[in-house]
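Step one of this worksheet: look at the structure below.
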Amino acid sequence: MILKSLKPLELLKSQRSIASIMGLSQKHNFKSQDILLEGLLNSPLTALSENEIIMKETVRKLANEQIAPCVRDMEKDGKLKESIVELLFQNGLLGIEIEEEYGGAGCNFMTTILTVEEISKVDPSVAVLVDIQNTLVDAIIKKLGTAEQKKKYLTRLAADTVGSFALTETTSGTDAFAMKTNAKKDGSDYIINGSKMWISNSDIAGLFVLMANANPAAGYKGITCFLVDRDLPGITVAKPEKKLGICQLGQGYKYTAGFLNESRIGIAAQQIGIAQGCFDATIPYTLERKQFKQPIFDFQSMQHQIARIATQIECARLLTYNAARLVEANQPFVKQAAMAKYFAAEVAQETCIKCIDWMGGLGFSKDFIQEKFYRDCKVGSIYEGTTNIQLSTIARQIKQEYES
Ligand SMILES: Cc1cc2nc3c(=O)[nH]c(=O)nc-3n(C[C@H](O)[C@H](O)[C@H](O)COP(=O)(O)OP(=O)(O)OC[C@H]3O[C@@H](n4cnc5c(N)ncnc54)[C@H](O)[C@@H]3O)c2cc1C
């Protein structure tokens, strides 16, 4: 399935460039992506292509009918059901942007964002698996892998292999490039020594995209990205391991920062999914529950809170979709991605807290989903760059804009 975002191609016929719209010189070297943006100028940010709508609806149905019934059991067991992981593979949700020649769905970045949002409305843990696989593991191999690596790994990632992204260590979290894990050349292979921490889905992963320093003397400029098969001998903490390098030596720090900038839009999508899911689960209760002989929704002070939260969710969604469209249009997006992630994480937390309040005593009970959403959303302000780091990124961009 090849997806085109919105309807930019129709506008190609008009031969009007974005330069003419903006009154700029025709000599400006605008690229095809600028023409894509011209198409976007006429559409609301929430407009989706036909294929994006189909995918969103398909995922929504799948999440409600097949994931939702398993959420409580998975939470009790503390792990994802194998059948859910299989379901994700069968429906192409772990290889959304992988090209069809490797068995992927061949969709665009926005489709990944919509998928993560829809699944998060039902189960943010399943959504984070989908997010990391698509926006980090698949994306890194898709963009940096050799033809041989793509054939070998993308085919597996689209079909049956969960991948993990292994960067964080006990002593290096926000300061990720202070990592101690190192890689030493051994003939045509590398031997990697070190340990990682907080690696999502590592219990079920068959492949690790792992950062290690191949030249510690060069500091962070020695960081290199390796593909590590789980079944290679010696893959336990502190044991040596033979690996296959993916990026140019010492380029891992640049790639990591770049991919995390993009993947945090996926976390923003997860957070708006959580907020919307919690909101959707709560509003019907406020319409039904009566106090003082009227639905609690009808109290003006309740309505104002509800309207404020709905507006904030909408703002977070617009920031997130805009960041995703900027990625697709190959335009600068770092500031917008950081804003989306920071804001969506705040909105998700506030939404969940408010929904618990609106449920009264029931909101405090484990029998209702609101308290689970509340627990699930908290990590949104921590992983893939804490809120402090998003704010620093935004401030750095603002400084650059005003200094230049
Ligand atoms: C559930 C979960 C899943 C995760 N999944 C993965 C994964 O799949 N792969 C992976 O590699 N990692 C993963 N992580 C790790 C995650 O990215 C880190 O926890 C995160 O980057 C923060 O690092 P830290 O925990 O070491 O906190 P620290 O870096 O110690 O930060 C502690 C506090 O200090 C603040 N702080 C630190 N430095 C600065 C600074 N320069 N300016 C201002 N404030 C600062 C932080 O904002 C934070 O508030 C996961 C974490 C969790 C909790």
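Looking at (1) more than 24 Å from T311 (Cα to Cα); (2) more than 12 Å from the ligand (Cβ to nearest atom); (3) assigned to a helix (DSSP H, G or I), find the lone condition where E350 falls short.
Among (1) more than 24 Å from T311 (Cα to Cα); (2) more than 12 Å from the ligand (Cβ to nearest atom); (3) assigned to a helix (DSSP H, G or I), E350 violates only (1).
Given (1) in a helix (DSSP H, G or I); (2) surrounded by fewer than 21 Cβ atoms within 10 Å (Cβ to Cβ), identify the lone condition not met by P332.
(1)
How many of the residues making up the stretch 285-307 are within 29 Å of the chain's Cα centre (by Cα) and without any contact (Cβ under 8 Å) to a residue 24 or more places away in the chain? Write out each step before concluding.
Going through the stretch 285-307, the residues within 29 Å of the chain's Cα centre (by Cα) turn out to be 305-307.
Add one more test, that the residue is without any contact (Cβ under 8 Å) to a residue 24 or more places away in the chain, and what stays is 307.
Summing the residues that are within 29 Å of the chain's Cα centre (by Cα) and without any contact (Cβ under 8 Å) to a residue 24 or more places away in the chain in the stretch 285-307 gives 1.
Residue pairs, Cβ under 6 Å, 6 or more apart or interchain, first in the stretch 166-184 and within 12 Å of K221 (Cα to Cα), second part of a loop (DSSP other than H, G, I, E, B). List them.
Short answer, once both residue conditions are applied: A178/S172; M179/E169; M179/S172.
For the stretch 370-404, which positions are at pLDDT 95 or above, more than 16 Å from the ligand (Cβ to nearest atom) and under 26 Å from G277 (Cα atoms)?
Of everything in the stretch 370-404, just one residue is at pLDDT 95 or above, more than 16 Å from the ligand (Cβ to nearest atom) and under 26 Å from G277 (Cα atoms), namely Q370.
What single numbered condition from (1) closer than 24 Å to V126 by Cβ; (2) without any contact (Cβ under 8 Å) to a residue 24 or more places away in the chain; (3) not hydrophobic (A, V, I, L, M, F, W, C) fails to hold for T320?
Answer for T320: the failing condition is (2).
Would you mind listing the strands (runs of 3 or more DSSP E) fully within the stretch 113-228 where at least 2 residues are under 21 Å from the mean Cα position of the chain (by Cα), within 16 Å of the ligand (Cβ to nearest atom) and surrounded by 24 or more Cβ atoms within 10 Å (Cβ to Cβ)?
Correct list: 162-166, 205-213.
The values are calculated or read from the model by the stated rules, or taken from the named source; none is laboratory data. Predicted, not measured: the structure shown is a model, and the values here were computed from it. So basically every Cβ, Gly included, is an ideal-geometry build from the backbone, and we count neighbours across all protein chains shown.
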